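A short write-up of the structure that comes next.
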Amino acid sequence: MAEPLPPTRPRIPGSGLAKGLAVTLRTMTKKTVTAQYPDVQPALPPRTRGVIALFEENCTVCMLCARECPDWCIYIDSHKETVPPAAPGGRERSRNVLDRFAIDFSLCMYCGICIEVCPFDALFWTPEFEYAETDIHELTHERDKLREWMWTVPAPPALDPGAEEPKEIAAARKTADKLAAEQAAQAEAGAGAGAEEPPATPPSGPQEGQS
């Protein structure tokens, strides 16, 4: 058989009202602090979605961000250039050169898909939010403005001390340790060869002052 439930205390009439009034009184007695914006900037969370910044050097005009954007608010123009061969006898290569990169923030819904799908880390979130305009047509910002916002991108958060080291850093550290070990072995080998060399003997033959 199931054990009987312990008896519940009888509810005092009006206790819920009293608790609610207590919360209200505590709130009313607290000092109200108003942030005087824009003289005092708000303390925004580090992952605030304010505006999208462009790191132009990383953009390869792969068009992934424009294709995946559900609002079609990213406009990209480019042209191809021929790059001469790096070595004599090599083949010429063609590369895409970015001519225009613009985002219409009157259409953007800040979903962040463009930032997630970019394989070359060319787009970043920035907490900058002061870009209102009086004309809706001026909310289409070109790449020069998007590049200026790069300087407001916060630094990435520090890794958890107990987290596993990233594979890229581990591979780079392993390569650096291997190179340092090879250099140390070469230095020891060179020092050992210099120590084992016999001292130079004077040339045979008549010396000065001898006949």
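Scanning region 16-39 for residues that are assigned to a loop (DSSP other than H, G, I, E, B) and either surrounded by 10 or more Cβ atoms within 10 Å (Cβ to Cβ) or in contact with a Cys (Cβ under 8 Å, 6 or more places away or on another chain) (or both) yields one hit, Ala35.
Within the set Pro13, Pro42, Pro88, Pro46, the sole residue that is of a type outside the set (D, E, K, R), loosely packed, with under 13 Cβ neighbours inside 10 Å and touching a residue at least 12 places away in the same chain (Cβ under 8 Å) turns out to be Pro46. Looking only at residues of region 160-173 that are open to solvent by 60 Å² or more (accessible area, probe 1.4 Å) and either assigned to a loop (DSSP other than H, G, I, E, B) or modelled with pLDDT of 90 or more (or both), we find that the one that is nearest to Phe105 (Cα to Cα) is Asp160. Checked against the criterion of being at pLDDT 85 or above, loosely packed, with under 15 Cβ neighbours inside 10 Å and more than 28 Å from the chain's Cα centre (by Cα), the candidates Glu57, Glu81 yield just one match: Glu81.
Give region 128-159 a look and list any residue that's open to solvent by 70 Å² or more (accessible area, probe 1.4 Å), of a type outside the set (Asp, Glu) and assigned to a loop (DSSP other than H, G, I, E, B), or say none. Give the derivation first.
Keep residues of region 128-159 that are open to solvent by 70 Å² or more (accessible area, probe 1.4 Å), which gives 129-130, 132-134, 136-138, 142, 144-145, 148, 151, 155-159.
This time we only want the ones that are of a type outside the set (Asp, Glu), so: 129, 132, 134, 136-137, 145, 151, 155-159.
Phe129, Ala132, Thr134, Ala155, Pro156, Pro157, Ala158, Leu159, listed by residue number.
When restricted to residues that are within 19 Å of Glu148 (Cα to Cα) and out of contact with any helix residue (DSSP H, G or I) (no Cβ under 7 Å at 6 or more places or on another chain), region 73-99 contains 2.
Taking the condition of being in a strand (DSSP E or B) and over 27 Å from Ala132 (Cα atoms), how many residues in region 82-106 meet it? First the steps, then the outcome.
Keep residues of region 82-106 that are in a strand (DSSP E or B), which gives 82-83, 93-104.
With the extra rule that they be over 27 Å from Ala132 (Cα atoms), the set shrinks to 82-83, 93-97.
Of the residues in that region, 7 qualify.
Considering only region 138-153, I want to know if a residue exists there that is within 30 Å of Cys108 (Cβ to Cβ), modelled with pLDDT of 90 or more and touching a helix residue (DSSP H, G or I) at 6+ places or on another chain (Cβ under 7 Å). Yes, some residue in region 138-153 is within 30 Å of Cys108 (Cβ to Cβ), modelled with pLDDT of 90 or more and touching a helix residue (DSSP H, G or I) at 6+ places or on another chain (Cβ under 7 Å).
The values are calculated or read from the model by the stated rules, or taken from the named source; none is laboratory data. Please read all numbers here as calculations on a predicted model, not as lab measurements. All Cβ positions, glycine included, derive from the backbone under ideal geometry; neighbour counts span all protein chains shown. Note: areas computed on protein heavy atoms with side chains; ligands, DNA, RNA excluded. Shrake-Rupley method; radii C 1.70, N 1.55, O 1.52, S 1.80 Å.
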